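Report on the following structure.
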Amino acid sequence: CAKSAGRSNFQLFTPGMLKQAEEKLVMGTALRHAIEHHELEVYYQPEISLWDGTVIGMEALARWPNGLNGVAVTPDRFIPVAEETGLILQLGEWVLRTACRDCAAMENRLGRRMRVAVNVSTRQFQQKEWPTVVRRALEESGLQPHSLEIEITESMLMQNTEESAEMLHALRRLGVTVVVDDFGTGYSSLSYLTRFPIDKIKIDRSFVRDLDTDAADAAVINAIIAMAHSLDIRVVAEGVETEQQQNYLRARACDEAQGLRYSQAVSIDELQSVMAKIEAHRLRHLRCQALTA
Ligand code: C2E
Ligand code: MG
Ligand code: MG
Ligand code: MG
């Protein structure tokens with residue numbers, strides 16, 4: 001180990017680091033192969049209006065079912081590898097185009113409007129031609145721009161402030177909705193909410209998780225909602241798992257919720273029946289309320 005080798009013997013890699021680097025190399029190679037052979041999938045998690053309980057949108061989440069040696073790999077592991085290897089550009093564009101196409105088809109089937117939220121990485125966001133990629137995805141799918149939401153993170157706003165603002169304005173000009181994901185986890189100041197054109201924020205699930213037991217988390221959530229609404233920014237809560245959490249958020253006028261309370265992410269084929277179940281549950285709930293009123 002590095003210590004027994006003595007101070008003078010400088011080691012660049014510890015065995016652990018070497019193993020990690022090796023794993024990344026293996027995963028990068030497998031990921032490239034998977035992308036080229038269309039082995040990735042896009043799953044969708046419903047987003048629910050807390051105002052009326054209907055499903056008004058869905059978040060597109062990348063899946064790699066056969067992963068490494070046939071074992072699924074989660075996006076928390078393969079997205080960072082995609083970012084480091086540059087594969088994220090190809091992967092991200094494919095997710096975007098698939099999401100736009102699936103959402104347009106879903107709108108046709110339902111006969112009403114749906115929205116789809118797509119996560120983007122820094123590397124994509126920094127491409128000058130990225131607004132063109134978005135415009136093409138909309139055009140080829142026929143999806144209305146207002147049905148598309150782009151999810152960025154706080155850290156993306158903090159790097160290259162000027163360029164980020166320009167990028168967000170370009171998206172706005174296309175008519176696309178700008179969402180800040182994992183809100184509250186970055187080190188950034190809240191003042192950026194007034195400096196950038198932001199339509200919506202998604203409260204990170206770490207604040208929602210302990211809502212019932214942690215008064216500080218509840219206070220942070222109250223403050224976020226109040227502040228966002230005063231700036232005319234809509235609020236979504238992610239990671240909503242219990243009825244208690246839902247009721248708390250609804251009482252604070254949080255606009256939307258997403259989480260295991262409603263559904264995990266599912267394939268586009270399963271989505272319609274999952275939506276029907278969520279909305280049937282809501283109707284039962286409303287009837288119960290009417291009976292007890
Ligand atoms: P995210 O954008 O914050 O997505 C929400 C994550 O929370 C998803 O994990 C979702 O499955 C999970 N989740 C939703 N509801 C609950 C809940 O009630 N409880 C718990 N414990 N978890 C819940 P997932 O699908 O594993 O994705 C993880 C992250 O990977 C995403 O976080 C996003 O940052 C990234 N990611 C996924 N797909 C893409 C993609 O196509 N492009 C990019 N750039 N990133 C992606
Ligand atoms: Mg997201
Ligand atoms: Mg998130
Ligand atoms: Mg995230």
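The values are calculated or read from the model by the stated rules, or taken from the named source; none is laboratory data. Here the structure is a predicted model, which is why all the values come from computation and not from measurement. Note that each Cβ is placed from the backbone with ideal geometry, even for glycine, and that neighbours are counted across all protein chains shown.
Taking every residue in the range 17-36 that is surrounded by 11 or more Cβ atoms within 10 Å (Cβ to Cβ) and pairing it with any residue that is of a type in the set (Asp, Glu), at least 6 positions away or on another chain, the pairs with Cβ-Cβ distances below 9 Å are 24/84; 28/84.
Every residue, every condition in (1) away from ligand 4 (no atom under 16 Å from the Cβ); (2) not hydroxyl-bearing (Ser, Thr, Tyr), yes or no:
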position	(1), (2)
203	no, yes
215	yes, yes
218	yes, yes
222	yes, yes
230	yes, no
258	no, yes
261	yes, yes
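Residue 118 satisfies every condition listed in (1) out of contact with any Cys (no Cβ under 9 Å at 6 or more places or on another chain); (2) under 23 Å from residue 141 (Cβ atoms) except (1).
Any residue at all in the range 184-200 that's surrounded by 14 or more Cβ atoms within 10 Å (Cβ to Cβ), closer than 25 Å to residue 81 by Cβ and within 16 Å of ligand 4 (Cβ to nearest atom)? Within the range 184-200, one or more residues are surrounded by 14 or more Cβ atoms within 10 Å (Cβ to Cβ), closer than 25 Å to residue 81 by Cβ and within 16 Å of ligand 4 (Cβ to nearest atom). The set of residues from the range 191-210 being within 29 Å of residue 243 (Cα to Cα) and out of contact with any strand residue (DSSP E or B) (no Cβ under 9 Å at 6 or more places or on another chain) comprises 209, 210. Of all the numbered requirements in (1) within 16 Å of ligand 3 (Cβ to nearest atom); (2) within 28 Å of residue 279 (Cβ to Cβ), residue 121 misses one, and that requirement is (2).
Look through 224, 268 and report the one residue that is more than 22 Å from residue 60 (Cα to Cα) and among the β-branched types (Val, Ile, Thr).
Working: 268 fails: more than 22 Å from residue 60 (Cα to Cα).
The match here is 224.
Test residue 116 against the stated conditions and say whether it is modelled with pLDDT of 95 or more, β-branched (Val, Ile, Thr) and under 20 Å from residue 87 (Cβ atoms). So residue 116 does not fit the description; no.
Yes/no matrix, rows are residues, columns are (1) more than 19 Å from residue 280 (Cα to Cα); (2) modelled with pLDDT under 95; (3) touching a strand residue (DSSP E or B) at 6+ places or on another chain (Cβ under 6 Å):
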| residue | (1), (2), (3) |
| --- | --- |
| 40 | yes, no, yes |
| 45 | no, no, yes |
| 50 | no, no, yes |
| 53 | no, yes, no |
| 61 | yes, no, yes |
| 67 | yes, yes, yes |
| 75 | yes, no, yes |
| 78 | yes, no, yes |
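Of everything listed in (1) in a helix (DSSP H, G or I); (2) more than 16 Å from ligand 4 (Cβ to nearest atom), the single unmet condition for residue 79 is (2).
Among the residues making up the range 40-68, a single one is under 23 Å from residue 92 (Cα atoms) and outside any strand (DSSP E or B): 40. Among the residues of the range 155-171, write down those that are at pLDDT 90 or above, surrounded by 15 or more Cβ atoms within 10 Å (Cβ to Cβ) and not small (Gly, Ala, Ser). Those that are at pLDDT 90 or above, surrounded by 15 or more Cβ atoms within 10 Å (Cβ to Cβ) and not small (Gly, Ala, Ser): 167, 168, 171.
Matching residues to (1) in contact with a strand residue (DSSP E or B) (Cβ under 9 Å, 6 or more places away or on another chain); (2) away from ligand 2 (no atom under 16 Å from the Cβ); (3) in contact (Cβ under 8 Å) with a residue 40 or more places away in the chain:
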position: 150; (1), (2), (3): yes, no, no
position: 158; (1), (2), (3): no, yes, no
position: 161; (1), (2), (3): no, yes, no
position: 175; (1), (2), (3): yes, yes, no
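Tell me whether the range 140-147 contains one or more residues that are within 15 Å of ligand 2 (Cβ to nearest atom) and in contact with a Lys or Arg (Cβ under 9 Å, 6 or more places away or on another chain).
The initial filter retains those residues of the range 140-147 that are within 15 Å of ligand 2 (Cβ to nearest atom), namely none.
So far as the range 140-147 goes, no, none of its residues is within 15 Å of ligand 2 (Cβ to nearest atom) and in contact with a Lys or Arg (Cβ under 9 Å, 6 or more places away or on another chain).
Select from the range 221-246 the residues that are surrounded by fewer than 22 Cβ atoms within 10 Å (Cβ to Cβ), touching a helix residue (DSSP H, G or I) at 6+ places or on another chain (Cβ under 6 Å) and either at positive phi or small (Gly, Ala, Ser) (or both) and list them in ascending order. Across the range 221-246, the qualifying residue is only 239.
Residue check: residue 89 meets all listed conditions (1) hydrophobic (A, V, I, L, M, F, W, C); (2) within 13 Å of ligand 1 (Cβ to nearest atom); (3) in a helix (DSSP H, G or I); (4) closer than 25 Å to residue 237 by Cα but one, namely (4). All conditions in (1) closer than 19 Å to residue 176 by Cα; (2) touching a Lys or Arg at 6+ places or on another chain (Cβ under 7 Å); (3) charged (D, E, K, R); (4) within 16 Å of ligand 4 (Cβ to nearest atom) hold for residue 107, with the sole exception of (4).
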